[in-house]
Amino acid sequence: MHVDASGGGRRVGQCWVIELIGEHDLSTASMIAEWMAGIDDSARLIEIDLREAEFIDSTVVGKLVSLEAALAQAGRELLIVSPAGSFPRRVLDVVGASLMLQVVDEPPFDVQLPRRREEASSCP
């Protein structure tokens, strides 16, 4: 099965943002793990942006839950951006992960992710 997936992680101000684009499942798990392993140690807030994700499965949900636990132990915060009604949000809701994770429809004003990589950031 071919999965159309891309994304990556980058610093936006004092935040670390990982953006998942397209379809993500077991076949992209190692790529997602690589992006998560690359999180800058100095970033206090890590944002996983699912606004451009068309599909996620339980493998991705498991990685998000594991990441949240590791970050919490280190005194860091994880924020999942996934609009209500989107496929990723429905998956998070159905499996109960949205009760365990901090999930928002849009990034907070001061953590706004530029929609294009060339745009300036307002993330602190």
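Just wondering, is there one or more residues in the stretch 30-39 that are in contact with a Leu (Cβ under 9 Å, 6 or more places away or on another chain), at negative phi, surrounded by 13 or more Cβ atoms within 10 Å (Cβ to Cβ) and touching a residue at least 40 places away in the same chain (Cβ under 8 Å)?
Looking through the stretch 30-39, none of the residues is in contact with a Leu (Cβ under 9 Å, 6 or more places away or on another chain), at negative phi, surrounded by 13 or more Cβ atoms within 10 Å (Cβ to Cβ) and touching a residue at least 40 places away in the same chain (Cβ under 8 Å).
Which pairs have Cβ atoms under 9 Å, sit 6 or more apart or on different chains, and link a residue in the stretch 15-27 that is within 18 Å of Glu47 (Cα to Cα) and in contact (Cβ under 8 Å) with a residue 12 or more places away in the chain to one that is buried (at least 20 other Cβ atoms within 10 Å of the Cβ) and among the hydroxyl-bearing types (Ser, Thr, Tyr)?
Leu20/Thr28; Gly22/Thr28
If the requirement is being at pLDDT 95 or above and β-branched (Val, Ile, Thr), which of these qualifies: Val3, Val60, Val17?
Residue meeting the stated conditions: Val60.
Taking the stated definitions as given, is Gln73 more than 14 Å from the chain's Cα centre (by Cα), of a type outside the set (Lys, Arg) and modelled with pLDDT under 90?
Criteria not met by Gln73.
Report the residue count in the stretch 45-87 for those that are surrounded by 20 or more Cβ atoms within 10 Å (Cβ to Cβ), free of Cβ contacts under 8 Å to residues at least 40 places away in the same chain and among the β-branched types (Val, Ile, Thr).
6
Please verify whether Ala43 is small (Gly, Ala, Ser), under 20 Å from Gln102 (Cα atoms) and under 13 Å from the mean Cα position of the chain (by Cα), treating the condition exactly as stated.
For Ala43, the condition - small (Gly, Ala, Ser), under 20 Å from Gln102 (Cα atoms) and under 13 Å from the mean Cα position of the chain (by Cα) - is not met.
The values are calculated or read from the model by the stated rules, or taken from the named source; none is laboratory data. Source: prediction; values computed, not measured. Glycine also receives a Cβ, built like all others from the backbone with ideal geometry; neighbour counts cover every protein chain displayed.
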